[in-house]
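Down below is the structure, laid out as structure tokens.
Bear in mind that the values in this text are calculations on the coordinates, not laboratory data. A quick note: this is a predicted structure, and the numbers were derived from the prediction, not measured. Here the Cβ positions follow ideal geometry from the backbone for every residue, glycine too, while neighbour counts run over all protein chains shown.
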Amino acid sequence: MSIILICIFVFFIKNKLDKKLLKKAFELITIARSMSNLFEKEKSITATYVHATSKGHEAVQIAMGLQLQNCDYVYPYYRDDSMLLAMGIQPFDLMLQLLAKEKDPFSGGRTYYSHPSLNDPNFPKIPHQSSATGMQAIPATGAAMGIQYKEIVGINDNTSSPLVVCSLGDASCTEGEISEAFQMAVLKKLPIIYFVQDNEWDISANAKEIRAQDISHFAKGFKGLKVIQIDGQDFSKSYHGVKIAINNVRNRKGPVLIHAKVPLLNHHTSGVRMEWYRDDLDEHALRDPYPALKELLLKNDFSPKELEEIVANSNQLVDDHFKRALKENDPLPNQLHDHIFAPTTVTEEKGDRSPKGKEPTVMVDSALFAIRELMESDKRCLLYGQDVGGRLGGVFREAATLAQQFGKERVFNTPIQEAFIVGSTVGMSAVGLKPIVEVQFADYIWPGLNQLFTEVSRSYYLTNGKWPVSMILRVPTGAYGSGGPYHSSSVESIVTNIKGIKVAYPSTGADLKGLLKSAYIDPNPVLLLEHKGLYWSKIPGTEGAKTIEPDENYVLPFGKARTVLEAENNQIKSGESIAIITYGRGVYWSLEAAKKFKNKIEILDLRSLSPLDEEMIFATVNRHGKVLLLTEEPSSASFTLGLAGLIQKNCFEFLDAPIEIVGSQDTPAIPLNK
């Protein structure tokens with residue numbers, strides 16, 4: 001018995017929190033509580049824009065925020081203002097975002113309260129935060145994968161061991177993308193903490209209605225994911241639980257999930273008030289961490305007067321910061337279009353497009369050789385996706401030999417999870433890498449669209465220019481062979497409507513290599529649509545896709561079309577000519593059709609779908625007065641519909657006939673029988 005008592009005493013002494021830490025924690029919780037109270041009091045002002053606060057969650061958030069280092073990457077969610085305060089963010093800065101002010105340090109007034117982004121050496125890094133609950137798990141796991149990769153290949157720029165913290169609400173963990181993130185974290189033993197705060201509520205849906213088990217039980221399905229359960233009301237237990245998790249991850253023992261049970265003592269958001277539907281407010285109030293922390297300080301020889309002074313100082317600080325924030329300016333209208341794309345250095349075609357002494361190369365190999373050159377010159381470059389690893393090298397052999405040459409750390413297979421393939425690039429880019437990833441067929445891009453739209457495309461804009469996403473997404477597309485309904489789709493009408501990404505659709509190997517090299521240099525996300533029927537030029541009439549492979553320095557800017565075929569001037573002057581504007585496989589259909597109208601057809605290959613070469617498009621249309629837009633998509637639901645509208649608006653006075661669109665049949669899918 002005496003030995004047990006001694007052990008308990010030693011543990012208590014070893015793990016006792018010092019007074020300086022306790023005082024800091026109490027200062028932070030009083031600031032957070034004062035802010036929450038002020039926002040409620042001033043709701044006629046503060047509720048102009050929707051917001052939520054951490055009331056009830058403060059203790060465990062402060063425990064986390066105080067233990068993070070500047071080398072870490074943090075993905076908070078919309079109720080984490082206490083964690084941000086503990087990291088050193090000032091109430092004034094949070095209030096600037098609350099009020100959507102121009103000097104909001106996170107987004108410049110572009111997104112909601114407690115949706116931070118920071119790229120400051122004096123703080124932990126906070127990449128883009130979307131408001132779609134749970135979506136941050138994949139980018140966060142991508143950042144952890146990137147940290148691990150940099151350590152493996154020897155390009156880590158940190159002397160310490162950085163980690164990633166991904167904050168989640170328990171209700172968001174029913175999202176399928178959370179499981180994709182967990183799967184990769186345990187598969188690769190990534191340095192990440194999933195920080196799950198469980199208040200048993202979705203919005204108005206209670207845990208009993210929406211989950212079969214809590215996250216601790218759910219996590220048992222992911223072998224190697226260590227789970228630490230924490231009483232989020234108790235600051236001391238929270239601090240020690242977080243410390244154990246952080247030490248585990250910093251020592252590279254694998255991912256950890258913290259499951260913190262917390263009360264929800266405020267509204268879901270300012271727009272969905274708790275009194276409308278909550279029937280458990282009294283029970284949650286009994287678990288309030290504020291009086292519990294106050295009692296802990298009193299037991300550690302703080303006097304009531306000391307605590308009263310801290311409360312008074314916090315209230316004054318919050319009040320002063322709020323008054324200052326109210327006086328700040330709103331964003332200017334002329335700032336609306338800032339930071340849609342980061343500037344690129346590739347503004348003109350450079351390099352040797354057709355070196356002498358070479359034989360034509362099939363299109364798929366032009367891309368393969370481009371990636372090989374990039375990987376040879378830059379260890380930040382890595383390639384991953386389904387079946388691109390050493391055994392197969394891609395189902396189209398588009399990654400053949402790369403894994404053997406560069407190793408399984410740099411070229412590797414992923415599970416069948418398109419959302420992770422796409423969204424992980426956001427985290428990879430945030431830690432300084434330049435990933436090239438592949439969705440195996442355009443037909444299977446749909447699970448990845450959520451990440452492409454919510455995370456990839458909006459990062460640069462919503463972080464006010466702090467976090468561009470440098471990534472290349474390769475997407476084999478179009479009908480070829482016996483592809484049938486699930487291996488033949490065209491998706492350009494969808495992806496070109498996602499603002500914030502660049503989209504190219506080359507028709508030759510030279511263009512593919514030049515655009516791929518340009519995409520790698522470009523700090524923005526790029527989606528390359530590559531027609532499967534052009535990869536090897538096996539289809540009669542597509543021999544032109546085989547080209548001399550450009551040299552290593554060849555780059556082709558986005559937004560530059562090319563003239564494939566010209567009409568004779570006399571045909572143009574007599575009004576007998578017509579322009580065909582197309583891209584990808586459409587170039588070769590156009591060339592075949594042009595044989596029947598000798599010297600009367602001009603073919604313009606767009607090459608880049610977003611941005612478009614509007615200057616060349618308009619000049620071509622104006623020259624001929626008649627234009628046919630050719631696409632592989634169904635003509636009634638095509639990218640070319642928007643292009644037709646653009647031409648009609650800008651070339652109306654030059655048009656001598658209606659704009660014609662030729663596309664595939666208007667069916668939900670492409671039938672298998674040819």
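Could you tell me the convex hull volume per residue, in Å³, taken over the Cα atoms of the stretch 169-209?
Values: hull volume 2.8 nm³, N = 41.
So the per-residue Cα hull volume is 67 Å³.
Go ahead and run the numbers for FRET between Ile340 and Gln90, Cβ-Cβ distance against an R0 of 35 Å, rounding to 0.05.
0.75
I need the GluC sites (Glu not before Pro) found in the stretch 320-380, filtered to DSSP loop residues with at most 11 other beta carbons within 10 Å of theirs. Present the calculation step by step, with values, prior to reporting the outcome.
Numbers: sites: Glu328, Glu348, Glu349, Glu373, Glu376; in loops: Glu328, Glu348, Glu349.
Taking the stretch 320-380 and a limit of 11 other Cβ atoms within 10 Å, the loop GluC sites (Glu not before Pro) found are Glu348.
Would you kindly state how much longer the chain becomes between Asp378 and Ile45 on full extension, computed as 0.36 nm times their sequence separation minus their alpha carbon distance, in nm to one decimal? Mind dumping the intermediate values first?
Values: separation 333, 0.36 × 333 = 119.88 nm, distance 5.07 nm.
Taking 0.36 nm per residue and subtracting the Cα distance, the gain is 114.8 nm.
Measuring from label point to label point, each 7 Å out along Cα→Cβ, what is the Gln404 to Gln648 span in nm?
Going by the 7 Å Cα→Cβ label model, 5.5 nm.
Calculate, axis by axis, the spread of Cα positions in the stretch 550-674 along the three principal axes, and write the results as whole Å, longest axis first.
Ordered largest first, the stretch 550-674 gives principal extents of 45, 41, 31 Å.
Diagonalise the Cα gyration tensor of the stretch 38-111 and give the resulting equivalent ellipsoid semi-axes, square root of 5 times each eigenvalue, largest first, whole Å.
On the way: eigenvalues 96, 47, 17 Å².
Working through the eigenvalues yields semi-axes of 22, 15, 9 Å.
If amide hydrogens are placed 1.01 Å from N in the peptide plane, which non-local residues have theirs closer than 5 Å to the one on Thr361?
For Thr361, the qualifying residues are Thr547, Ile548, Glu549.
Expected output is a single nm value to one decimal: the length gained when fully extending between Asp282 and Lys305, i.e. 0.36 nm times separation in residues minus the C-alpha distance. What is it? Intermediate values should be presented prior to the final figure.
Details: separation 23, 0.36 × 23 = 8.28 nm, distance 2.85 nm.
Here the answer is 5.4 nm.
Looking only at the stretch 407-444, which residues have a backbone nitrogen under 11 Å from a spot 7 Å from the Cα of Leu392 in the C-beta direction?
Answer for this model: 413-414, 416, 440-441.
For n ≥ 4 DSSP H runs only, could you compute -39500 (n - 2.57) per run for the chain, divide by its residues and tell me the 222 nm figure to the nearest 500? Let's see the in-between values first.
On the way: 25 runs with 255 residues, N = 674.
Rounded to the nearest 500, it is -11000 deg cm²/dmol.
With N residues in the stretch 69-200, what two-decimal value do you get for its Cα radius of gyration over 2.2 N^0.38 Å? Working shown, then result.
Values: Rg = 15.0 Å, N = 132, 2.2 N^0.38 = 14.1 Å.
Rg over 2.2 N^0.38 Å, computed on Cα atoms: 1.06.
Take the cross-link list Lys55/Lys299; Lys150/Lys532; Lys220/Lys299; Lys600/Lys649 and give me the ones stretching past 29 Å between alpha-carbons. If you can, show how the numbers build up before the last one.
On the way: Lys55/Lys299 23 Å; Lys150/Lys532 33 Å; Lys220/Lys299 38 Å; Lys600/Lys649 25 Å.
In this structure, Lys150/Lys532; Lys220/Lys299 exceed 29 Å between Cα atoms.
Restricting things to alpha carbons, find the Rg to Rh ratio for the chain using the Kirkwood radius for Rh.
On the way: Rg = 28.6 Å, Rh = 27.4 Å.
Radius of gyration relative to Kirkwood radius: 1.05.
Going by amide H atoms built from the backbone, whose H comes under 5 Å of the H on Ile230, apart from near neighbours?
Residues meeting the amide H criterion: His259, Ala260, Lys261.
Determine the relative contact order of the chain: mean sequence separation of Cα pairs under 8 Å and six or more apart, normalised by residue count, in whole percent.
That works out to 12 percent.
Rounded to the nearest 20 Debye, what is the dipole magnitude of the stretch 455-586 about its Cα centre when Lys and Arg each give +1 and Asp and Glu each give -1 at the C-beta? Write down the numbers at each step before the final one.
Values: 14 positive and 12 negative charges, 79 e Å.
Dipole magnitude for the stretch 455-586 comes out near 380 debye.
Suppose R0 equals 60 Å. What FRET efficiency, 1/(1 + (r/R0)^6) with r the Cβ-Cβ distance, do Asn206 and Asn570 give to the nearest 0.05?
0.15
So, in Å, what gap is there between the alpha-carbon centers of the stretch 310-349 and the stretch 200-240?
34 Å
Using the Cα atoms as the points, what is the convex hull volume per residue of the stretch 467-597 in Å³?
Details: hull volume 19.1 nm³, N = 131.
Given the Cα convex hull of the stretch 467-597, per-residue volume reads 146 Å³.
Quick one: if you stick a label point 7 Å off each Cα along the C-beta vector at Glu543 and Arg623, how many nm between them?
Going from the Glu543 label point to the Arg623 one covers 2.6 nm.
Looking at the stretch 349-421, I'd like the Rg to Rh ratio, where Rg is from alpha-carbon atoms and Rh is Kirkwood's inverse mean 1/r. Walk me through the intermediate numbers first.
On the way: Rg = 13.8 Å, Rh = 13.4 Å.
Taking Rh as the inverse mean 1/r over Cα pairs, Rg/Rh reads 1.03.
Please list 3J(HN,Hα) in residue order for the stretch 190-204, calculated via the Karplus relation 6.51 cos²θ - 1.76 cosθ + 1.60 where θ = phi - 60°; whole Hz, with x for glycine and proline.
Whole-Hz 3J(HN,Hα) from phi for the stretch 190-204: 7, x, 9, 10, 8, 9, 9, 9, 10, 9, 6, 10, 8, 9, 9.
Quick one: work out Rg over Rh on the C-alpha atoms of the stretch 379-419, Rh as Kirkwood radius. The partial results should precede the final answer.
Working: Rg = 9.5 Å, Rh = 10.0 Å.
Ratio of gyration radius to Kirkwood radius for the stretch 379-419: 0.95.
In terms of Cα to Cα distance under 13 Å, which aspartates and glutamates are near enough to Lys23, apart from those fewer than 8 places away along the same chain?
Once the sequence-local aspartates and glutamates are set aside, what remains near Lys23 is Glu295, Asp301, Glu306, Glu308, Glu309.
On a 29 Å Cα-Cα criterion, which of the cross-link pairs Lys101/Lys237; Lys19/Lys189; Lys101/Lys434; Lys237/Lys434; Lys560/Lys626; Lys41/Lys305 come out too long?
On the way: Lys101/Lys237 38 Å; Lys19/Lys189 36 Å; Lys101/Lys434 33 Å; Lys237/Lys434 40 Å; Lys560/Lys626 21 Å; Lys41/Lys305 26 Å.
Pairs exceeding 29 Å: Lys101/Lys237; Lys19/Lys189; Lys101/Lys434; Lys237/Lys434.
Relative contact order of the stretch 230-277, please, whole-number percent, based on alpha carbon pairs below 8 angstrom and at least 6 residues apart. Spell out each step's value before the answer.
Numbers: 33 pairs, mean separation 16.9, N = 48.
Reported as a whole number, the value is 35 percent.
Using alpha-carbon positions, what is the distance between the centroids of the stretch 391-415 and the stretch 446-525, in Å?
Centre-to-centre distance over Cα atoms comes out at 20 Å.
Would you pull out the residues with amide H under 5 Å of His531's amide H, same chain only if 5 or more places away, H placed 1.01 Å from N?
Residues meeting the criterion, in which the H sits 1.01 Å from N, are Thr477.
Please report the relative contact order for the stretch 430-524, taking Cα pairs under 8 Å with a sequence separation of at least 6, and give it as a percent rounded to a whole number. Before the final figure, lay out each step's value.
On the way: 103 pairs, mean separation 32.2, N = 95.
Relative contact order, the stretch 430-524: 34 percent.
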